[in-house]
1. Out of the residues in region 342-389 meeting the condition of being part of a helix (DSSP H, G or I) and surrounded by 20 or more Cβ atoms within 10 Å (Cβ to Cβ), tell me which one is nearest to the chain's Cα centre (by Cα).
2. Name the pairs whose Cβ atoms lie under 6 Å apart, with the first residue in region 299-310 and β-branched (Val, Ile, Thr), the second part of a helix (DSSP H, G or I) and surrounded by fewer than 24 Cβ atoms within 10 Å (Cβ to Cβ), and 6 or more positions between them or separate chains?
3. Across region 138-150, what is the number of residues that are touching a Ser or Thr at 6+ places or on another chain (Cβ under 9 Å) and surrounded by 19 or more Cβ atoms within 10 Å (Cβ to Cβ)?
4. With the requirement that a residue be polar (S, T, N, Q) and either within 15 Å of GLY211 (Cβ to Cβ) or assigned to a loop (DSSP other than H, G, I, E, B) (or both), what does region 250-272 give you?
5. Of the residues PRO238, PRO282, PRO230, only one is at pLDDT below 95, in a loop (DSSP other than H, G, I, E, B) and closer than 22 Å to LYS165 by Cα; which?
6. If we keep just the residues of region 272-318 that are buried (at least 24 other Cβ atoms within 10 Å of the Cβ) and β-branched (Val, Ile, Thr), which is farthest from ILE99 (Cα to Cα)?
7. Being at positive phi and of a type in the set (Gly, Ala, Ser) narrows it down to one of GLY269, GLY289, so name that one.
Amino acid sequence: MRLQDLDIIVTAPPAPGWGGRYWILVKVTTDTGITGWGECYASSVGPQAMSHVIRDVFERHMAGENPENIELMFRRAYSSGFTQRPDLTVMGAFSGLEIACWDILGKDRNRPVHALIGGRMNERIRAYTYLYPLPHHSMAEFWTSPEQAGECAAEMVRQGYTAVKFDPAGPYTMRGGHMPAMTDISLSVAFCKAIREAVGDKADLLFGTHGQFNTAGAIRLGQALEPYSPLWFEEPTPPDNIEDMARVARNVRIPVATGERMTTKAEFGAVLRAGAAEILQPALGRAGGIWEMKKVAAIAELFNAQMAPHLYAGPVEWAANIQLAASIPNILLLESIETPFHDKLIKGSIRVDNGFVIPSDAPGLGIDVDEELARAHPFTGHDLHLNMQEAPCDYQNGNAFQGGAPAKEG
């Protein structure tokens, strides 16, 4: 069996676009007629340029190869162009293709992917959700309303979730780590207070920051949140500031989580060695794929650290996250996004049931992709999957971040 054909579909979820402005799906077919699906998570270039990168990685390192040879193909891509170092774009392309290889192997052997990478460790996997506006909420007001966040959190607990994530401390600026405005700290405390009061001890609070603060600012904010005992303080400093993130971890009594913008065991290993995080959040469509993150999970065991796969993408990456999570002993949480479009794209083949995901025993990734639906929603915009703002932090009027897509796009 050899890898033969590649098709790339860039599909756009309907507004407001939870999961990003577009998802890059790859369809890989073997010379025996088996099709595997993967997803390349985001990128630092637009989807048209990224599609060329994906095709180059496939044709240069994978076409004609036995899909079993994951390690060989990884080393080819990782070493490409005399690099042998993490490359966000190249590894993003390889990751989706690697996921497709596992889907092929599972279908060829009529076994789920987790059965091929160590077997099932977990019969069900605890899931968490980001707090999105409920139907009666104002899309524009929700992101700065502790009351609406608390109401949403209570509804998620009613649905069975035992952990909810939110990130009120904007803005996400390209200017690097900044000192939060006092209004950002006050609003963050108000969110934690309202959500804690709404859920009591029935759910963990997951506080996101997406790497926007300098070290001193992250410490100030983190210490202000300590009374509400969040389960994690996510990416408090920019992802390449590992030693600074370790300083935050030493000075804040909330576990630090990081990883959605990292790739390969080289970067995750550096985080663990520095003591910068207790919880790793790889996005499998970017971080190197299923096999590479299986290695990272094993390394994390040595540091008594846990895994919480990240998801701000489509359901194909979600399926890959689930297969990894099913097979490792140190899974903490699994991020989920449930929208009608996510559900329709995989024909309802993954569902969160009372706050947990049950890994499928179906072959491969365990999903049935609606290719016709994916092609019927092409991405026609010019923005990247997510954008960062150029304007600096506003210390006079306050800041607001409206989640994955601004209200005007809704």
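The values are calculated or read from the model by the stated rules, or taken from the named source; none is laboratory data. This structure is a prediction, so every number in the text was calculated from the model and none was measured. When we count neighbours, we look across all protein chains shown, and the Cβ atoms used for this are built from the backbone with ideal geometry, even at glycine.
1. HIS342
2. Taking only residues 6 or more apart or on different chains, the pairs are ILE299/GLY269.
3. 2
4. Answer for region 250-272, where residues must be polar (S, T, N, Q) and either within 15 Å of GLY211 (Cβ to Cβ) or assigned to a loop (DSSP other than H, G, I, E, B) (or both): THR258, THR263.
5. PRO238
6. My answer is VAL296.
7. The unique qualifying residue is GLY289.
Matching residues to (1) buried (at least 18 other Cβ atoms within 10 Å of the Cβ); (2) without any contact (Cβ under 8 Å) to a residue 12 or more places away in the chain:
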| residue | (1), (2) |
| --- | --- |
| TYR128 | yes, no |
| HIS136 | no, yes |
| GLY160 | no, no |
| GLY170 | yes, no |
| GLY176 | no, no |
| MET179 | no, no |
| CYS192 | yes, no |
| ILE195 | yes, no |
